[in-house]
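Visitor: Take a look at the following structure, please.
Throughout, read-outs are computed from the coordinates displayed, never taken from laboratory work. Note that the structure is a prediction, hence the values are computed from the model and not measured. Don't worry about glycine lacking a Cβ; one is built from the backbone with ideal geometry, like all the others, and counts go over all protein chains shown.
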Amino acid sequence: MVIGGGIAGIQAALDLGDRGHDVYLVEKKPSIGGRMAQLDKTFPTNDCSICILAPKMLECFDHPNVTVITNAEVKGLEGSAGDFKVKVLKKPRYVDEDKCTGCGDCAWACRLKERFPDDFNMGLGKRSAISLYFIQAVPRVALIDDEHCLMLTKGKCGKSPPCVDACGPKAIDFAQKPEEIELDVDAIIVATGYDLLDPSQFKEYGYGVYANVLTAFEFERLICAGGPKEGHLVRPSDGEVPKTITFIQCVGLRDRGNYPYCCSVCCLNSTKGSILAKEHYPEIETYILYSELRAVGKRSQEYVDRARDEYGIKYIRGMPGELLEDPETKNLIIKYEDMDSGTIERMEAELVVLNTAPIPGESSKELAEVLGIAVDEYGFFSPKDPLGAPIETEKEGIFLSGYAQGPKDIPESVAQASAAAAEASEIIARKSSRGDDEGEKE
Amino acid sequence: MDATDDEIRVGVFICHCGSNIGGVVDVPAVTEYAKTLPNVVYAERNLYTCSSDGIDSIKRAIQEHNLNRVVVAACTPRTHEPLFRKACEDAGLNKYIFEFANIRDHCSWIHMREPEKATEKAKDLVRMAVAKASLLEPQEEKKVSVEPKTLVIGGGISGMTAALNLARQGFDVHIVEKERDLGGMARQLYKLYPTFVDALEFVNALVKEVEAEERITIWTSTTVKEVEGYVGNFKATITIGGEDEVLKVGTIIVAIGAAEFKPDGFYDYDGSRVITQLELEARLRACEEAGDFSELGGKRIVMIQCVGARGRKFSYCSKICCTTALKNALVIKEKVPDAEIYVLHRGINVYGEYEYLLIEARESGIRFVKFGLENEPNVEGTSVTVYHENIRKELELEADLVVLSTPLISTPEYEQLSKMLKVPLGLDGFFYEAHVKLRPLDFATDGIYVCGTAHGPRDIPESIAQALGASSRASIPMARGFVVPEAITPVVDETACVKCGICVDKCPYSALRLDDDKLEVIDALCKGCGTCVAACPTGALDQRHFRNKEVEAQIKTFFCLS
């Protein structure tokens, strides 16, 4: 079983499936794809993220050896390596997964059409009470939001719910109930990824107060052609294209009061964001305010060099003290200490992007308890030996991969995912060499 | 209904995709149009051709109308071709008689504000698909068997880790190591971060495990001389003690590690008073063995980072040098508490959870001085001068020992192996993977994988993860026992081929070979990209399922020439 359907989970499931093992892939959200699906492009090649990921998502879903269970969480574990029993709670979608074709007609028909902030687009777009999680969602099946749907909250939606009328294949089923599934597996791979820190706790940055302060993921959705603004990079305050954008690094990170680690990806992510902004609108000036610029991965330093020399991205070693908003223009005034000159400087930016900390998943402590494995001082899952056994956990048969194990970029996550698959295959091989019964799911 | 064997009977299925296509393209009009096309004996439209209803409808129509070619006009083959091909197979047809027209991405999406033009374009695409489908031929897929054995080139931590995992999955493994002992560069290290265990103890424990594994054959003091073949069927000639030996394997893992850059000409490097981090590790090991750390070379130590890296000789960041410097500085501080250590750096690149090493180093009294590329430190005798960017002052430090942190680099062996295996190297000199994001451990050539520092600078835990990952990738074709290349490979017209070899050079997958004046297509390696067909000056190559006549028919019908 693979827990988490982001790029790490998908890769692990595909490797095991291709290897000939049966796999359950359990994903909490309504679609697999994870964080990578939300990115516009990926560094250092600026490949379109969803374009390279979507075929993998489908391959995984359609794989004869892989069973994808979305909208579901792991709630219980018994047994040991080679013989685990896992309890999975599948929440109701109120839409029949076999019947729904993902056309989206229900969302258009919904009485509460485009009323609610859309989770996938970081709240920048609006969705209806019934909707697809996103256009390339896998499975491409709609989901009813039980907090808002009138049928589910009030038991009534006009004379007849318009979504039911609009649905050609008659897939809507308000009677669905949560389902508890028990699965027998030989090994478990934890690939639950990360959450994002809410930067509104840092009052000095004015996130949530100043309209033109965004997080990096909001920026991704904004600049993505598949996002709510179709790739038009516009300010929330007035819908104008900003002339200057400042990226602020390490928000909540490398900070002993918050998250003391380095996230390993933000320097390159802001570099990418700056390049993309320049490619959309060459006249935009982009600044990156950082304290350490770490471009450690393969081809990363070259990427930063190119951003600086060819695109004219300005990297400033400086720590921002506070942000103020010009009440008229809604521009941001950033006061910062320029660490190279030692002087206090001011800069005006029409848009500010905060690189907030990717943090251990909200539910990873709970999952760690369910699985009987440990988390480290920051909340990432602890490997058995951070040097020699980075993929294994203290519990035999449970393996780690991706950001859930600690900060890393996509290629390292993919490598770890394959690694976890290799370890799981070892468990299965050992079991079959002992002559135990075979054919159980991985 | 009866049909003669050679009668072409095309069925066309046009998808509304809810309102996705139907909301823009006039699907009923396209369906009526399809019925008028040559060879089309049946056309229908579906709300969703991909739904179970739609698939059943295709199968039913194949039976009822005796169809022998099928066209679906819907979304993209990238996601849906396998589904429709399977429907054809289920109904008893060969899957290669299926053709796709993408009227969603190419019509309703891109021309959503021009429904009439989108409809016209949809008609064009359907006409072209029918023209091609009429000429399509059934194809036979050939299975290529895979020898369940792996050759691991390189016996360092990466190679040993990959070999152990594969052996424990039940595969036979040959490890080829050019040195006398297994262990690689880790043998030259003293302590290993992040746990600060002894490097030799760590490596020796791993070597023991490898030696105890029955399925692993160890070839030390051995080099790889030649590799022939392709996925599943490689023949590797290795040389040991002047004798050649031939190994037959199904997969190959490249784990040859990297070398430390020797900084000749940098900062008076002399290997005694100005040394590299690797030389420092050896010295620390010697001190430990002598039980006396006063032999280190002095208590005033200056480390200089990025020597030769990040824009000086090599453009890349070597990823491990900052953590390595901090590790060694912390080790020295523990052994020689009154040592005075300065680390001169251009930004400390500890990343992820290694940030704590920097915190610990600062707390233990190790001092950090940031300098810029334009203001490099100067080493003269025991004096090191450096412009400290943070306090904006020139510092003069006394150093008994200067330690240069130099990058990991590729070796001349890379070039040889790259040619031998026909896999590429990147601009940085390291092996170049199939895809930087999603296929970090594969090569574009099937059956060959890369891991560890051969892929680029990385530390031991990352190398171990990659090694296990490469082992997973290699296990896939071996566990299946065969690979099935898609039947879209080129065929050679011997009479037209002039053996010029242009196609051989152009093929990105090394799938063509000119042996004994005969051009051979290795189907197992071919991805059907068609580059060779386009490159062939005499038209001697013709690609199955994309025959020249099929593509020409599409073009002609587009211009209404036929």
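Visitor: Step through the residues of region A:165-173 one at a time and calculate ³J(HN,Hα) from phi using the Karplus curve (6.51 cos²θ - 1.76 cosθ + 1.60, θ = phi - 60°), rounding each to whole Hz and writing x for Gly and Pro.
Guide: Whole-Hz 3J(HN,Hα) from phi for region A:165-173: 5, 7, 6, x, x, 6, 9, 7, 9.
Visitor: Sticking with this one: Using +1 at the Cβ of each Lys and Arg and -1 at the Cβ of each Asp and Glu in region B:216-320, identify which of B:Ile218, B:Ala282, B:Gln305 lies farthest towards the dipole's positive end.
Guide: In region B:216-320, that residue is B:Gln305.
Visitor: Can you tell me the Rg and Dmax of region A:133-228, counting just the alpha carbons, in angstroms?
Guide: Reported Rg and Dmax, both Å: 19.8, 52.
Visitor: Taking beta carbons within 10 Å but only from partner chains, what does the mean come to for residues A:103-109?
Guide: Neighbouring Cβ atoms belonging to other protein chains average 3 per residue here.
Visitor: Under unit Cβ charges (Lys, Arg +1; Asp, Glu -1), what dipole magnitude, rounded to 20 debye, does region A:86-188 have relative to its Cα centre?
Guide: 640 debye
Visitor: Roughly how far apart, in whole Å, are the Cα centres of region B:124-194 and region B:1-56?
Guide: 43 Å
Visitor: Let me ask something additional. Could you grab the relative contact order for chain B? Cα pairs under 8 Å, six or more apart, rounded to a whole percent.
Guide: Once divided by the residue count of chain B, the mean separation gives 13 percent.
Visitor: Shielding by partners for A:254-264, please: the mean number of other protein chain Cβ atoms within 10 Å of each residue's Cβ.
Guide: Average per residue, whole number: 3.
Visitor: Kindly provide log₁₀ I(q)/I(0) values, in the same order as q = 0.14, 0.19, 0.31 Å⁻¹, from the Debye equation applied to equal alpha-carbon scatterers of region A:165-218.
Guide: The Cα Debye sum returns log10 ratios of -0.81, -0.79, -1.27.
Visitor: OK, next. Could you check which residue among A:Ile189, A:Ile398, A:Ile313 shows the biggest mean-square fluctuation in a GNM of chain A with a 10 Å Cα cutoff?
Guide: Comparing A:Ile189, A:Ile398, A:Ile313 in the GNM, the peak value goes to A:Ile313.
Visitor: Report, as an integer, the average count of C-beta atoms from other chains found within 10 Å of each Cβ along B:438-444.
Guide: The shielding value for this peptide is 5.
Visitor: Provide the convex hull volume over Cα atoms per residue for chain A, in Å³.
Guide: Numbers: hull volume 66.4 nm³, N = 442.
Normalising the Cα hull of chain A by residue number yields 150 Å³.
Visitor: Further question on the same structure: What's the local net charge at A:Arg317, with K and R +1, D and E -1, over the other residues with C-beta under 15 Å away?
Guide: 0
Visitor: I've got another one for you. Find, among the GluC sites (Glu not before Pro) in region B:199-239, those assigned to loop by DSSP (not H, G, I, E, B) with at most 10 other beta-carbon atoms within 10 angstrom.
Guide: Working: sites: B:Glu201, B:Glu209, B:Glu211, B:Glu213, B:Glu214, B:Glu226, B:Glu228; in loops: B:Glu213, B:Glu214.
Here the GluC sites (Glu not before Pro) that fit, given the DSSP loop and packing criteria, are B:Glu214.
Visitor: Out of the chymotrypsin sites (Phe, Trp or Tyr not before Pro) in region B:193-301, which ones are loop residues according to DSSP with at most 16 other C-beta atoms within 10 Å? Present the calculation step by step, with values, prior to reporting the outcome.
Guide: Working: sites: B:Phe196, B:Phe202, B:Trp219, B:Tyr230, B:Phe234, B:Phe261, B:Phe266, B:Tyr267, B:Tyr269, B:Phe293; in loops: B:Phe196, B:Phe261, B:Phe266, B:Tyr267, B:Tyr269.
Passing both the DSSP loop test and the Cβ count: B:Phe196.
Visitor: Sticking with this one: Which angle from 0 to 90°, rounded to the nearest 10, does the C-alpha axis of helix B:412-421 make with the longest principal axis of chain B?
Guide: Compared with the principal axis, the helix lies near 20 degrees.
Visitor: Relative to the longest principal axis of chain B, what angle (0 to 90°, nearest 10) does the C-alpha long axis of helix B:77-90 take?
Guide: Helix B:77-90 sits roughly 50 degrees off the main axis of chain B.
Visitor: At q = 0.19 Å⁻¹, what base-10 log of I(q)/I(0) does the Debye formula yield for region A:189-232 when every alpha carbon is treated as an equal point scatterer in vacuo?
Guide: The computed values of log10 I(q)/I(0) come out as -0.72.
Visitor: Please give the Cα centre distance for region A:336-382 versus region A:291-327, rounded to the nearest Å.
Guide: Here the answer is 17 Å between Cα centres.
Visitor: Apply the Karplus parameterisation 6.51 cos²θ - 1.76 cosθ + 1.60, with θ equal to phi minus 60°, to every residue of region B:172-180 and state each ³J(HN,Hα) to the nearest whole Hz, in sequence, with x for glycine and proline.
Guide: 7, 10, 10, 9, 10, 10, 6, 7, 5
Visitor: Show the residues, 5+ positions off or on another chain, whose built amide H is closer than 5 Å to the amide H of B:Asp542.
Guide: It is B:Val491, B:Asp493, by chain and number.
Visitor: At a 10 Å Cβ-Cβ cut-off, how would you order A:Asp105, A:Asp186, B:Asp90, B:Asp26, fewest neighbours first?
Guide: B:Asp90, B:Asp26, A:Asp105, A:Asp186
Visitor: So what is the calculated 222 nm ellipticity per residue for the protein assembly as shown, using -39500 (n - 2.57) for each DSSP H run with n of 4 or more, over all residues, to the nearest 500 deg cm²/dmol?
Guide: -8500 deg cm²/dmol
Visitor: Now for a different question. Given 10 °C and 1.306 mPa s, how large is the Stokes-Einstein diffusion coefficient of region B:1-146 in µm²/s, with Rh as the Kirkwood radius over Cα pairs?
Guide: Details: Rh = 15.2 Å.
Answer, rounded: 105 µm²/s.
Visitor: Pull up all non-local amide H partners of A:Gly79: gap of 5 or more, or a different chain, and H-to-H distance under 5 Å with H placed in the peptide plane.
Guide: Counting only residues 5 or more places away or on other chains, the set is A:Lys85.
Visitor: Could you give each residue of region A:241-250 its phi-based ³J(HN,Hα) in whole Hz, using Karplus coefficients 6.51, -1.76, 1.60 with θ = phi - 60°, and x for Gly or Pro?
Guide: So the J values, rounded to whole Hz, are 6, x, 8, 9, 10, 10, 9, 10, 8, 6.
Visitor: Hey, got the dipole for region B:356-507? About the Cα centre, +1 on K and R Cβ, -1 on D and E Cβ, debye to the nearest 20?
Guide: Rounded to the nearest 20 debye, it is 600 debye.
Visitor: Just how large is the dipole of chain B about the Cα centre, in debye to the nearest 20, putting +1 at every Lys and Arg Cβ and -1 at every Asp and Glu Cβ?
Guide: Numbers: 65 positive and 83 negative charges, 273 e Å.
The dipole of chain B has a size of about 1320 debye.
Visitor: Right, next: Going by amide H atoms built from the backbone, whose H comes under 5 Å of the H on A:Lys41, apart from near neighbours?
Guide: A:Ser49
Visitor: Using all C-alpha to C-alpha distances in the protein assembly as shown, build P(r) with 10 Å bins and read off the rounded percent in each one.
Guide: Spelled out per bin, shortest first, that is 2, 10, 18, 22, 22, 15, 8, 3, 1, 0.
Visitor: Let me ask something additional. So if the hydrodynamic radius of region B:13-94 is defined as the Kirkwood radius over C-alpha pairs, what does Stokes-Einstein give as its diffusion coefficient at 25 °C and 0.890 mPa s, in µm² per second?
Guide: Roughly 191 µm²/s, to the nearest whole number.
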